[in-house]
Structure formats: structure tokens, C-alpha cells
Amino acid sequence: DGNSLPVSTFVPGGRVPLGTSQYEKRGIAINVPKVDMDLCTQCNKCSLICPHAAVRPFLLTQQELNSAPKDFKEGSRAAIGGGVLDNYQYRIQVSPWDCTGCELCVRICPADALKLADAGKVIEEEEANWNFAVTLPDRGDEIDKTTVKGSQFQKPYLEFSGACEGCGETPHVKLMTQLFGERLVIANATGCSSIWGGSNPSFPYTVNAKGEGPAWANSLFEDNAEFGFGMRKAFKQRRDYLANQVEDALGDKEVTMSDDLRTALQQYLVMRKENMHDLLLPRGRSIYHQIMEKLVPLLEKEKGSHAKIKQLYELEDMFGRSSFWIVGGDGWAYDIGYGGLDHVIASEEHVNILVLDTEMYSNTGGQASKATPKGAMAKFAEGGKLTQKKDLGQLAMTYKNVPRWQRVAAIATASAKTNGTLFQIRQMSSPAIWQPVSDHIVSDHML
């Protein structure tokens, strides 16, 4: 009935609703994993590697467990790991309708706790369990997100995308959303990641209970680096303006405000003046985000006291600090968009770059790119590519405005270093590239 919808049904300005992929329930898998919780070591690697966020760990209290479906209750175990986890029950739950049957979770599990079973049978047994699990409160704020295990208790803001089964791109972007999702801004180059990331009407980026989530926009192959760079420059300009307005309000004796508001504004101004990019609080939280959560209700309460307080309230979204990421594949980063990417890397602007290096043009059928290794066969290189792979990392590191170790991180998704590297990138004051290990180079030690 889509053809009968009037224009007035849609939101103007090119905006689309978030999280619509959760309603698709494609059920395309022949076989779906089942979890033996008696074998599970609670490492959460199955969740980390799942390309579609269809395998997740859940924490619940004993009271919540009492109201769970029988099978869910019988399959839950006391959470291990100490600290806050001692207060909860734990269960790995699969969404049988959203799983694509890629087997990655089965292969990465160190304890062989996941086994494939007939999808029809698993749907019958697990659908009610999944429906119950997603109603549980999000307890990510209680867990240290800087660890591999802890990151998977964070809500994935990328779920149930239309990516191919076993996709090697989505786990990296999904992890990025789990670490920075409520303040993430993505400039996405055309390619695979723009197709699975923004194909109407099924949109996989979603929001939390507060309505917070990634802001995503797509641009062309040839200008995405500049597109994301412009986003960051505009945001910086608006934050500089906000800092000036805060300073003006604090210095104006006619502006009356509570001691709590004055203290919070002074704290923000100190952070800005000392150019503190993003101090991380315990468990990987952003101090800017914490200041914003403190300021917004105070500004809302006191906005009627003076025009300058009202103006600060209207700029409330600028108190937090967004995490800007320029995302694209090797066709963009190595080939068509390299000129713009080089320009952005040469700048000293704080942008982060994620290169999803599949070593070919995946979206258009597997043509060779400058990221294709020498000798590799691909379309347009049927006899093997004649030239060696361009070393994007070495080219990036020719710019000396930051130390070499800050420049480039080429890492596997399941590596224990992944989370730490992302947080290091997040705190840098200049361009940084994250180039995950290619889809086509997956060895046993990575899993």
C-alpha cells in the first residue's frame, strides 16, 4: 500500500524514523544457534562478533527472572565477574527471526556453547524468550564498557541491518555505537555501509529509552571525507559560540542563577578553556556528557529568570561532546575519495576515520581497488592484481602533527585491544584512522 501514502505522511527534510529494522523479522536463516548455558563462560564474544546484533547478553534481577518464561528462567545462570555483576542473573539470548545463520558466534565461542539447530524449531522455542529479553532494563551504565565483555552489555545502536550474513563490516560499526552511540555522528560514504546502514524503510540505527542515538548521513564516494570534516568544523564553531555565551552569562552581574547552575557552567567553561577534549570517567563515560545531563534540567528550570539563561537553554545540545566519525570502504578511502581523505588527515581537526577495508569494491560486485593485494583475483583483475596494495597507514603517518602511534590502528574485532584503541582514538586532538582487519583475512588467532 506504499503507493497510496500521501506526501504529508512523511517527515520533511530527508529525515527518517530510527530503529525500523526491528520490525522486519525476515527469518531468512535455515539454521539458528542455540546456547548451552551450562557450557557458556560469559565472555560475550558471540555478541561482539554477531554482524546483526541478534545474539546478546542480558542481565536481570531475581525478581525479573521470576516473571520470565519458563525456558528463559531455566537457561539463566548467576552472572560471573564480580562487582556489580554479582547482583544479577545472566543469559545469552538469540533473536531467531533476526539471525541470518552465519555461524560466526558458533565459531568464535571458546567453549562450544553454541550449536546450530533448525530455524523453525528454534523460533518456536526462543521467540518468546527474545520478546521478554528486550523488555528488560538496559544496565549498560553500571558496567565498564572499556572491556570486551563490558562493551557487550551496552545497547547496540546498530541492529538487524540488511547486511549479508557473516558481514565483516557491521561488527565494527556496531561496537562503535556501543561505545559512543548516544553521542555519535557518522558521515557515511556511499558503498556497502551506506546500503545496509540507510536503506528505507528498514533503518538499522536506533535510539535508547531517552531518544538518544547516532546521527547518520550519507554522502558521495568523492566527497565524504570533506562532508564529515565540515560537520565537525560546524559543530566546533557552535561550541565555541556556546562557550562565549556561557562566559558572558557568568560575568554579567544582572544574570541571577542558582549556585548549582553557576558551578556546573563554571565546570564546563574550565573544560573548554583548558581544551580538554574528552576526559573519560570510570567505566568509559564522557565527562562532557555527564556535565550536560547535570546542566539541562537546571537550565530548563531557570530559563525564565533571564534572556541569557534562556539562550543557553536553547543551545543545550552543544554542552555534550559528540564523537565524529567518517566511515567508508576501501573503494572510497583508497580510490575515489582519497584526495579528500588526504586533505582531512593533513588537517589538525579532531575527526575519526573508520575504513572498512574489504580489499575490493564489495557493493558493486567485487571489483579490484587499490586496497586489493598483489596477486589477488577480483573482477577487473581476473589474472591476479598486478600492483601491490596501497599502504594507507604509511601514507597517513607521513603527517607529523601527532605521534605515530596515535595515527593508525589496524585491529581485529575480537581483539582485546579493540576497545582500548577506540577510546584512545576518541580522546585524540587530531585526525585518527581505525582500519579494521579485512573481511578476507580471518585466521584462527583472531577468533
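The values are calculated or read from the model by the stated rules, or taken from the named source; none is laboratory data. This is a predicted model, so every value here is computed, not measured. Backbone-built Cβ (ideal geometry, glycine too); neighbour counts: all protein chains shown. Please note that ligands, DNA and RNA were not included when accessible areas were found on the heavy atoms of the full protein model with its side chains. Shrake-Rupley method; radii C 1.70, N 1.55, O 1.52, S 1.80 Å.
Just from its helices, what would the mean residue ellipticity at 222 nm be for the chain, if runs of 4 or more DSSP H residues each count -39500 (n - 2.57) and the sum is divided by every residue, rounded to the nearest 500 deg cm²/dmol? Don't jump to the answer; show the numbers that get you there.
Values: 15 runs with 148 residues, N = 447.
For the chain, the value works out to -9500 deg cm²/dmol.
Between region 289-306 and region 11-36, what is the C-alpha centre distance in whole Å?
Here the two parts' Cα centres lie 36 Å apart.
Pop a pseudo-label 7 angstrom from the Cα along the beta-carbon direction at both Lys25 and Asp141 and give the gap in nm to one decimal.
3.1 nm
Top to bottom by accessible area (1.4 Å), largest first, where do Trp216, Trp325 land?
Greatest to least solvent exposure: Trp216, Trp325.
What does the charge dipole of the chain about its Cα centre add up to, to the nearest 20 debye, if the Cβ of each Lys and Arg holds +1 and the Cβ of each Asp and Glu holds -1?
Approximately 820 debye in magnitude.
So which GluC sites (Glu not before Pro) in region 224-327 are both in a DSSP loop and have at most 14 other Cβ atoms within 10 Å of their Cβ? Please report the intermediate quantities before stating the final value.
Values: sites: Glu226, Glu247, Glu254, Glu274, Glu293, Glu300, Glu302, Glu314, Glu316; in loops: Glu254, Glu274.
Those that pass, being in a loop and sparsely packed, are Glu254, Glu274.
If a helix is a whole DSSP H run, which ones in the chain reach 18 Å or further along their own axis (Cα) and hold a mean Kyte-Doolittle hydropathy of at least -0.5?
Qualifying helices: 287-302.
Can you list the equivalent-ellipsoid semi-axes of region 100-145, largest first and in whole Å, using the square root of 5 times each Cα gyration tensor eigenvalue?
Values for region 100-145, descending: 24, 19, 8 Å.
Taking all protein chains in place and a 1.4 Å probe, what share, in percent, of the accessible surface of the chain do carbon and sulfur account for?
Carbon plus sulfur share of accessible area: 53 percent.
Ignoring trypsin sites (Lys or Arg not before Pro) that are buried or in helix or strand per DSSP, and keeping those with at most 14 other beta carbon atoms within 10 Å, what is the longest stretch of the chain between them?
In the chain, the maximal stretch lacking such sites is 27-209.
How high is the relative contact order of the chain? Use alpha-carbon pairs under 8 Å, at least six apart in sequence, and give a whole percent.
Result for the chain is 15 percent.
Cross-link partners among lysines for Lys253, C-alpha distance below 30 Å, same-chain residues fewer than 8 apart left out?
Lys236, Lys273, Lys294, Lys301, Lys303, Lys308, Lys310
List, largest first, the extents of the alpha carbons of region 82-161 along their principal axes, each in whole Å.
Here the Cα extents, ordered largest to smallest, are 38, 28, 26 Å.
Counting only heavy atoms of the protein chains, get the accessible area per residue of region 67-150 (1.4 Å probe) and round it to a whole Å² value. Write out the running numbers ahead of the final one.
Details: 3920 Å² over 84 residues.
That works out to 47 Å² for each residue.
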